[in-house]
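Data first, discussion second: the structure below is written as structure tokens.
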């Protein structure tokens, strides 16, 4: 099984975190808009779109894993996160389509309020996104997962999940954690929900 770990850094100036445990049988790819030389990450230069917010541009690489990454399975890690696990060992832990780590807030409505307070995105877009899901019957406490780490087995089912998730992001907030639980549930993919207590086994957030 070919496994690829990938990330994106667009519109930023910081470098890339070196994974804690590098497996030489795994490919590490970074989509970047500038020159970065790294001993682990293979960088792929992409053109910065001046008409698109760099956060949203990076989301396409993140979400459409089956389009941008040639692999049987992949792990996405946000640029501000450090991968702590051996990717091969991580995939030995589950047989589902998607693997995510539970978030301590447990629901998208609480997350939406926190994102508005911290100005993580346009407050109106955040409000419209969570209000849409509320009107569609999404329940408080129905699940929230860290968006900085995502495991996927590349399959037609996961491809449909990817595109549904991207649709939610493009029509609403760029804070993909808000739509991730909904996309998992409504796409019908099988998912492994790792306990939030295991977050440190998989990734660490810069400064936390």
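The values are calculated or read from the model by the stated rules, or taken from the named source; none is laboratory data. These numbers were taken from a predicted model, which means no experiment stands behind them. Here Cβ is always computed from backbone atoms with ideal geometry, including for glycine, and neighbour counts include all displayed protein chains.
Is at least one residue of region 107-114 modelled with pLDDT of 95 or more, over 19 Å from the mean Cα position of the chain (by Cα) and within 26 Å of residue 54 (Cβ to Cβ)? Yes, region 107-114 contains a residue that is modelled with pLDDT of 95 or more, over 19 Å from the mean Cα position of the chain (by Cα) and within 26 Å of residue 54 (Cβ to Cβ).
A quick yes/no check of all residues on (1) farther than 22 Å from residue 113 by Cα; (2) at pLDDT 95 or above; (3) touching a helix residue (DSSP H, G or I) at 6+ places or on another chain (Cβ under 7 Å):
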{"position": "131", "(1), (2), (3)": "no, yes, no"}
{"position": "136", "(1), (2), (3)": "no, yes, no"}
{"position": "148", "(1), (2), (3)": "no, yes, no"}
{"position": "153", "(1), (2), (3)": "yes, yes, no"}
{"position": "169", "(1), (2), (3)": "no, yes, yes"}
{"position": "183", "(1), (2), (3)": "no, yes, yes"}
{"position": "189", "(1), (2), (3)": "yes, yes, yes"}
{"position": "195", "(1), (2), (3)": "yes, yes, no"}
{"position": "199", "(1), (2), (3)": "yes, yes, no"}
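The numbered conditions (1) free of Cβ contacts under 8 Å to residues at least 40 places away in the same chain; (2) part of a loop (DSSP other than H, G, I, E, B); (3) more than 30 Å from residue 86 (Cα to Cα) are all true for residue 105 except (3).
Residues in region 115-127 that are assigned to a helix (DSSP H, G or I) and exposed (fewer than 14 other Cβ atoms within 10 Å of the Cβ): 117, 124. Looking across region 47-70, just one residue is in contact with a helix residue (DSSP H, G or I) (Cβ under 8 Å, 6 or more places away or on another chain) and more than 18 Å from residue 170 (Cβ to Cβ), and that is 48.
The set of residues in region 132-156 being under 13 Å from residue 111 (Cβ atoms) and part of a loop (DSSP other than H, G, I, E, B) consists of 138, 140, 141, 142, 143, 144, 146, 147.
Of the residues 160, 199, 186, the single one that is more than 16 Å from the chain's Cα centre (by Cα), assigned to a helix (DSSP H, G or I), in contact (Cβ under 8 Å) with a residue 12 or more places away in the chain and surrounded by 14 or more Cβ atoms within 10 Å (Cβ to Cβ) is 186. For the residues 83, 144, the requirement of being buried (at least 16 other Cβ atoms within 10 Å of the Cβ), within 24 Å of residue 15 (Cα to Cα) and modelled with pLDDT of 95 or more singles out 83.
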